[in-house]
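Read-outs throughout are calculated quantities, based only on the coordinates presented, and are distinct from any laboratory measurement. No experiment lies behind these values; they were computed from the predicted model shown. Virtual Cβ from ideal backbone geometry, glycine too; neighbours counted across all protein chains shown.
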């Protein structure tokens, strides 16, 4: 095959994938292994669970406990939709995004069918952590450091903490809060970010 044909095929493939897949969030979050990998915890935080945060952040913990984030994996609406589609693993990338929360790990797609996923059993699965849905560390923990929307002076927290201005923007939430999945005949499933704008 000559160079022109290879370049043409690659170009058409890239354009077609953008048309078929739409928003970047879908590409980002349903790729073969796109989940939040096992998160290394900083000192003084014993668990990935929100229970590890509530002693110091009781008010925020109480707000989270009443929020839909804490119910993202257990809400009856999500459970019904997920079950009727045979528990597709890519839904978990928003509803329970940490590796330890996933019963199965998405490894790729077959060539045919509306939901042609290939998944394997997850050896890291934690049956209690999945019930927390979008827990604190999902948004706040990166590289053994907790990030947040305010600047905190060194020594004021019992763990490493850094200010991240992106927490002040709705764009921070966009990957989960505004996407659809055309290949599965699912139109945009969440409009929250678009409604906010």
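Could you please tell me the mean projected area of the C-alpha convex hull for the stretch 108-169, averaged over all directions and given in square nanometres to one decimal?
The Cα convex hull of the stretch 108-169, projected and averaged over all directions, gives 7.4 nm².
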Dimensionless Rg over Rh [the stretch 82-145; C-alpha; Kirkwood]: 1.02
Inter-probe distance in nm under a simple model that places probes 7 Å from Cα toward Cβ, at residue 144 and residue 110: 4.4 nm
Label-point separation in nm, residue 128 to residue 157, each point 7 Å along Cα→Cβ: 2.4 nm
Largest-first principal axis extents of the Cα set of the stretch 134-183 (Å): 49, 19, 15
Packing rank of 63-72, 161-170, where each peptide gets the mean count of other beta carbons within 10 Å, highest leading: 63-72, 161-170
Label-to-label distance, nm, for residues given as residue 40 and residue 83 (7 Å Cα→Cβ offset): 4.1 nm
Evaluated over the stretch 39-174, the Cα radius of gyration and Dmax, each in Å: 16.6, 55
For peptides 134-140, 152-158, 55-61, 85-91, sequence by mean Cβ density within 10 Å, most packed first: 134-140, 85-91, 55-61, 152-158
